[in-house]
Amino acid sequence: MMNPKSVIIFAFALSTILSFASCKAKEQTRTEFVFGTVCSINLYDAGTPEIQDEIFSRLRELESILSANRDDTNIAAINRAAGIAPVKAAPETLQILKKALLYRDKTDGAFDPTIGPLVKLWNIGTDSAAVPSPDAIKTAVSLVNGKNVKIDEVAGTVFLLEKGMRLDLGAIAKGYAADEAARIISNHGITRAMIDLGGNIYAMGEKATKKPWVIGIRDPEEARGQPILSLPVSNMSIVTSGVYERFFEENGVRYHHILDPKTGYPSNNGLVSVTIVTPVSINADALSTSTFLLGIDGGMRLISEVPETDAIFINEKKEVRVTPRLRDKIRILDNRYILVDQDSARQ
């Protein structure tokens with residue numbers, strides 16, 4: 001089971017359709033458990049069982065290649081051979097890993113695909129989650145170093161140079177999978193669809209009324225809370241990383257799953273969620289974690305370098321800060337939350 005990304009996003013349009021659709025529409029919506037999470041694809045009037053079969057077959061294929069928590073995947077084989085020998089990599093592994101390493105460079109290591117030792121150590125999201133010893137954390141942190149990943153393009157191999165290193169692409173793989181689902185859908189000439197991979201949303205086209213989809217972002221302090229803001233989107237991926245999706249408590253302290261590879265502990269910079277809005281889902285996935293770890297100022301700088309990309313930051317004080325293009329589009333639905341200017345946001 002792939003380590004799922006923390007997302008706290010809710011699509012108004014998708015929810016309405018799933019609740020009130022006709023029998024015919026329900027046949028065009030399929031929901032299955034893939035990537036360790038509930039995934040739903042709605043193809044509306046253009047959907048067929050055959051197209052849904054093709055999409056979910058591809059999703060399961062990607063899981064069988066990319067999961068770090070199964071013993072039979074390409075990623076697992078690369079991890080077992082860490083410090084021993086290069087391993088032949090699937091084309092998907094190479095493509096996603098190269099993108100992940102690019103974000104590692106862009107974030108000076110805040111985003112790092114070799115975070116596997118820390119993820120495995122903390123085990124957040126499992127029954128065995130517990131605060132590790134300082135020595136264990138120190139050892140795990142020493143193994144997190146994307147510079148020790150060697151890719152041989154000619155041979156098509158990946159080599160983790162140090163024994164004990166582990167790749168974990170859980171912060172980027174579902175974005176790639178959403179892009180693949182969108183590609184398959186587009187290849188069939190379908191222009192209107194809603195892809196939901198455990199909260200990684202891709203809103204293709206627009207509603208039947210020729211208006212944008214309206215996406216609602218849930219309260220980051222409530223696992224199943226009501227939307228606190230909404231945003232119109234079309235042909236966009238929307239991915240959220242937040243601290244309340246997966247966590248555990250020990251001695252009265254809450255520990256969330258967004259681990260800082262530099263400290264070895266859950267990030268603690270005052271943010272509770274970051275939502276990314278961009279046309280390419282693999283970028284949305286990687287950026288939601290990257291910007292969360294960088295904080296508002298660093299995250300804003302990173303977002304400014306990626307074309308057609310916007311972000312929504314929410315901090316512990318319930319202040320909402322957005323990139324300029326979203327300011328006139330976003331709608332606050334909960335008066336406990338306040339939209340603030342960049343200069344007035346406080347962490």
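The values are calculated or read from the model by the stated rules, or taken from the named source; none is laboratory data. Computed from a predicted model, the values in this text were never measured in an experiment. Note that each Cβ is placed from the backbone with ideal geometry, even for glycine, and that neighbours are counted across all protein chains shown.
Just a few scattered comments:
- Of everything in region 226-248 that is aliphatic (A, V, I, L, M), under 19 Å from the mean Cα position of the chain (by Cα) and in a strand (DSSP E or B), the residue that is surrounded by the most Cβ atoms within 10 Å (Cβ to Cβ) is Val239.
- Every pair of residues 6+ apart whose Cβ atoms lie under 7 Å, when the first sits in region 307-323 and is under 14 Å from Thr278 (Cα atoms) while the second is among the basic types (Lys, Arg) and part of a loop (DSSP other than H, G, I, E, B): none
Each row is one residue, and each column tells you yes or no for (1) in the same structural domain as Thr107 (by TED's automatic domain parsing); (2) part of a helix (DSSP H, G or I); (3) surrounded by fewer than 24 Cβ atoms within 10 Å (Cβ to Cβ).
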{"residue": "Ser273", "(1), (2), (3)": "no, no, no"}
{"residue": "Ile282", "(1), (2), (3)": "no, yes, no"}
{"residue": "Ala286", "(1), (2), (3)": "no, yes, no"}
{"residue": "Thr291", "(1), (2), (3)": "no, yes, no"}
{"residue": "Ile296", "(1), (2), (3)": "no, yes, yes"}
{"residue": "Leu302", "(1), (2), (3)": "no, yes, yes"}
{"residue": "Pro307", "(1), (2), (3)": "no, no, yes"}
{"residue": "Ala311", "(1), (2), (3)": "no, no, no"}
{"residue": "Ile314", "(1), (2), (3)": "no, no, no"}
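- Matching option when the condition is surrounded by fewer than 18 Cβ atoms within 10 Å (Cβ to Cβ) and in contact with a helix residue (DSSP H, G or I) (Cβ under 6 Å, 6 or more places away or on another chain), among Asn335, Asn269, Asn251: Asn269
- Neighbours by Cβ (under 6 Å, 6+ apart or cross-chain): first from region 34-62, under 13 Å from His188 (Cβ atoms); second part of a helix (DSSP H, G or I): Ile41/Ile55; Glu54/Ile184; Ile55/Ala181; Ile55/Ile184; Arg58/Glu180
- Qualifying positions in region 228-282 - touching a residue at least 60 places away in the same chain (Cβ under 8 Å) and of a type in the set (D, E, K, R): Glu245, Arg246, Glu250, Asp260, Lys262
- If you go through region 142-190 and keep only what is in contact (Cβ under 8 Å) with a residue 24 or more places away in the chain, within 24 Å of Trp122 (Cα to Cα) and surrounded by fewer than 19 Cβ atoms within 10 Å (Cβ to Cβ), you end up with Asn145, Asn148, Leu161, Glu162, Lys163, Gly164.
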